[in-house]
Amino acid sequence: MTLAIYDTMTRKKQPFTPQKPGEVSMYVCGPTVYGYIHIGNARPAIVFDMVRRYLETTGYDVNYVINFTDVDDKLITKAREMNLTVPEVADMFVDAYYADCDGLGIRRATNNPRVTDNIDEIISFISTLVEQDFAYPSGGDVYFRTKKFADYGKLSHQNLEELQFGIRIEVDARKEAAEDFVLWKGAKPGEIAWPSPWGDGRPGWHIECSAMVRKYLGDTLDIHGGGQDLTFPHHECESAQSEAVTGKPLSRFWMHNGYININNEKMSKSLGNGVLVKDLLTHYNPGAIRYFMLSTHYRNPLNFTDEAMQQAVNSTERLTNAVSNVKHALQATGMSLDEAMQAAASFGEPNEALQVKLAGILETFDTKMQDDFNTADAITAMFDWASEANVYVQQGSAAGTLRPADLLALLDAFEAMNDVLGIVIEQEVELLDEEIDQLIQERTEARQARNWARADEIRDLLTAQGIVLEDTPQGVRWKRV
C-alpha cells in the first residue's frame, strides 16, 4: 500500500512520493513567540511530529522546518508591557516553547529559523515582487497586488468576489484594493525596525514564511502544514506570493489539522477558556496528552474536556501496564531488558504463532497510517498488541513457558508503533533508597508469613512517601505518584 495524503489544494487524497527519492522537505508554521503556547498550538506540533516520525520510520530523511515569528505587533505590545526589548521577549518564549514541546515528547525540528535572522532574504523577496509588478509601495508600506495573481484564492477555494463581499477586510486608503495584503510595514515611532528600499520597517506576517521556505527548503516543498485556521489568509497569501516569484507551486501537499474546542466552545481570549500546555503538563502525563490529540483523525475537530482527558489517561495506562507486564516477565526469566537485548542472538526465533500475530498487528497499524495518517484507527492495533501481550504473559507465567525471544519480539513490535505515536513515554524514576528497598523486602516477608497487618502498615508508609506498590505474578512492582 502507498502512503496517501489528503491535500487541501485538491481536496482529495493523493499518493505521496517526494520530489527527491528518499528525502522529504516539510515546513510547518510555528508560533508567534509573545506568550506560552496553548493546547491549540500543541495540536499541530504533535500532529506534524507524528507525520515526521512516520516518514522517518518508513525510510525517509525528513528536512523539517518550523519557524518562529519573533517580530510582530503582539511582540511589540508584550515588550512594552514587560518593559523588555522585543528580542528579549522572543528569547523568553522561544525557550518556553522548547520546554513545552520537549515535555510533550515532540522531537526538535531540523531547523527553527527566526524572522529577525532572515530580514535580508525577506527584503530581497519583496523587491522581486515589486520588480515583477506583483507588489507596490504605498505610504512606507508595501502591498501584494492580489488582482494581478489570477489564482489567488485557489488554496482556500474562494474567488476575489467572495473575498470582497464575504470577508471583512480592513479598509486602508493606501491599498489599491481592499484584499491586497501587506508585505512590509513602515515603522511607527519607537518600534523595532530595519532599513529597506521603502523606508525603515519590518516584514508582514505572510511574507516571512515564503522567504524562509525558499531559503531553507527550496522553491517547492513536499509538505506544508499548519492549523486549519491558517488556510486563509496566511497560507493563501504564502502560496500566491511564492508562486508569483518562482512560477512554481509552493508545496505539493498542503496539510491542515482541525480545530480544538474547549468543552464544546471555541477557544478564544474573550471567553478566557484557553488551556496552556505548561499547565496541562502539571496535570497529565505527556503520553496521555499525545493520546488525546492522536485518538481523533488530525483533520477532524477535537473537543477538550476533563472526561476526554481522563479516558486518555486510562487508555495510556492500559498500554503502559501491558508493556510493564512484558518487561517484568522478562525479568522473571532472570535477566534485565538490557541483558536480554545483548543476548538476543542466542535465544533463537520467537514462537511462530506469535510472530504471525505480531506481523498482522503491525500490518494493520501500517495500513491505517498510510491512509492519510489515520492514527485514530492505528491506535486500535496497539490495543490489539496489549491484549496479545497480556494473554501471552499470563499463560506463560502460569505454565512456566516464558521465553526471552518471545518477550523481546513483543517489545520490538510495540516500540515500532510507539516510535511513531509516542503515546507511552517512560519517565525517569529515582531509584529507591536503601531504607525503602528494605521496607519492600520486609513487606514481602510479612506477606509470606501471613502477617497482613505489618504488610499493610508498610504499604501505607511507602504510600506516604509517594511509592505505590502493585503485587503481580512476576513479583512486586512499584511506581512514584
(request) Let me have the 222 nm mean residue ellipticity of the chain computed from DSSP H runs of 4+ only, each contributing -39500 (n - 2.57), with the sum over all residues rounded to the nearest 500. (result) -15500 deg cm²/dmol
(message) Would the stretch 286-338 count as rounded, prolate or oblate if I go by the C-alpha gyration tensor, calling it rounded below 1.5 in a/c and otherwise prolate when a/b exceeds b/c, oblate otherwise?
(response) prolate
(message) Ignoring trypsin sites (Lys or Arg not before Pro) that are buried or in helix or strand per DSSP, and keeping those with at most 10 other beta carbon atoms within 10 Å, what is the longest stretch of the chain between them?
(response) 270-449
(request) Give me the percent of the accessible area of the stretch 154-277 that comes from carbon and sulfur atoms, probe 1.4 Å, all protein chains in place. (result) 50
(message) Please compute the Kirkwood hydrodynamic radius of the stretch 197-312 from all pairs of different C-alpha atoms, in Å with one decimal.
(response) 16.8
(request) Considering Cα pairs under 8 angstrom that are at least six residues apart, work out the relative contact order of the chain and quote it in whole percent. (result) 15
(message) How much length would be gained if the chain were fully extended between Asn263 and Asp229, taking 0.36 nm per residue of separation minus their Cα-Cα distance, in nm to one decimal?
(response) 10.3 nm
(message) How large is the Rg to Rh ratio of the stretch 300-430 when both quantities use alpha carbon positions and Rh follows Kirkwood?
(response) 1.00
(message) Compute and list, largest first, the equivalent-ellipsoid semi-axes of the stretch 1-51 from the alpha carbon gyration tensor, each √(5λ) rounded to a whole angstrom.
(response) 27, 13, 10
(request) Please give the length that would be gained between Asp460 and Leu84 if that part of the chain were fully extended, namely 0.36 nm times their separation in residues minus their C-alpha to C-alpha distance (nm, one decimal). (result) 130.3 nm
(request) At 7 Å along the Cα-to-beta-carbon direction for both Glu426 and Asn273, put a label point, then send me their distance in nm to one decimal. (result) 4.0
(request) Could you size up the charge dipole of the stretch 173-293 around its Cα centre, putting +1 on the beta carbon of Lys and Arg and -1 on that of Asp and Glu, and report it in debye to the nearest 20? (result) 280
(request) Under a cut-off of 18 Å between alpha-carbon atoms, report the lysines in cross-link reach of Lys147, not counting same-chain residues fewer than 8 places apart. (result) Lys175
(message) With +1 on the Cβ of every Lys and Arg and -1 on the Cβ of every Asp and Glu, and nothing else charged, how large is the dipole of the chain about its Cα centre, in debye rounded to the nearest 20?
(response) 980
(message) Under the rule of at least 5 residues apart or a separate chain, name every residue whose amide H is placed under 5 Å from the amide H of Glu23.
(response) Asp61
(message) If you fit an axis through the alpha-carbon atoms of helix 434-448 and take the longest principal axis of the Cα set of the chain, what angle between them do you get, 0 to 90°, nearest 10?
(response) 50
(request) Add +1 for every Lys or Arg and -1 for every Asp or Glu among the other residues with Cβ under 13 Å from the Cβ of Asp91, and state the total. (result) -2
(message) Quick check: pseudo-label points 7 Å beyond the Cα along Cα→Cβ at Ile192 and Ser336, how many nm apart are they?
(response) 4.8
(request) Give me the Kirkwood hydrodynamic radius of the stretch 14-103, using the inverse of the mean 1/r over all pairs of distinct Cα atoms, in Å to one decimal. (result) 14.8
(request) Output the peptides 116-126, 328-338, 223-233 sorted from most to least packed, where packing is the average of other Cβ atoms within 10 Å over each peptide's residues. (result) 223-233, 116-126, 328-338
(request) Could you please state, rounded to a whole Å, how far the C-alpha centre of the stretch 1-59 is from the C-alpha centre of the stretch 249-303? (result) 15
(request) Report, in degrees rounded to the nearest 10, the 0 to 90 angle that the Cα long axis of helix 404-421 makes with the longest principal axis of the chain. (result) 20
(request) Measure nothing fancy, just the Cα-based angle from helix 375-399's long axis to the longest principal axis of the chain, in degrees from 0 to 90, nearest 10. (result) 10
(request) Of the options Gly35, Leu411, Asn273, report the single residue whose Cα projects farthest towards the positive end of the charge dipole of the chain (beta-carbon charges: Lys, Arg +1; Asp, Glu -1). (result) Asn273
(request) Find the percent of Cα-Cα distances in the stretch 78-226 that exceed 19 Å, and round it to a whole number. (result) 63
(message) Given axes a ≥ b ≥ c from the Cα gyration tensor, I'd like to know whether the stretch 305-369 is rounded (a/c under 1.5), prolate (a/b larger than b/c) or oblate.
(response) oblate
(request) State log₁₀ I(q)/I(0) for the stretch 223-288 at q = 0.13, 0.14, 0.26 Å⁻¹ as given by the Debye formula over alpha-carbon point scatterers of equal weight, solvent excluded. (result) -0.57, -0.63, -1.12
(request) Starting at the first residue of the stretch 330-341, write each ³J(HN,Hα) from the Karplus equation 6.51 cos²θ - 1.76 cosθ + 1.60 with θ = phi - 60°, in whole Hz, x for Gly and Pro. (result) 5, 4, 5, 7, x, 9, 7, 4, 4, 5, 5, 5
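The values are calculated or read from the model by the stated rules, or taken from the named source; none is laboratory data. These figures come from a predicted structure and were not determined experimentally. Note that we place each Cβ from the backbone using ideal geometry, even for glycine, and neighbour counts take in every protein chain shown. Calculation scope for accessible area: heavy atoms of the full protein, side chains included, ligands and nucleic acids excluded. Shrake-Rupley method; radii C 1.70, N 1.55, O 1.52, S 1.80 Å.
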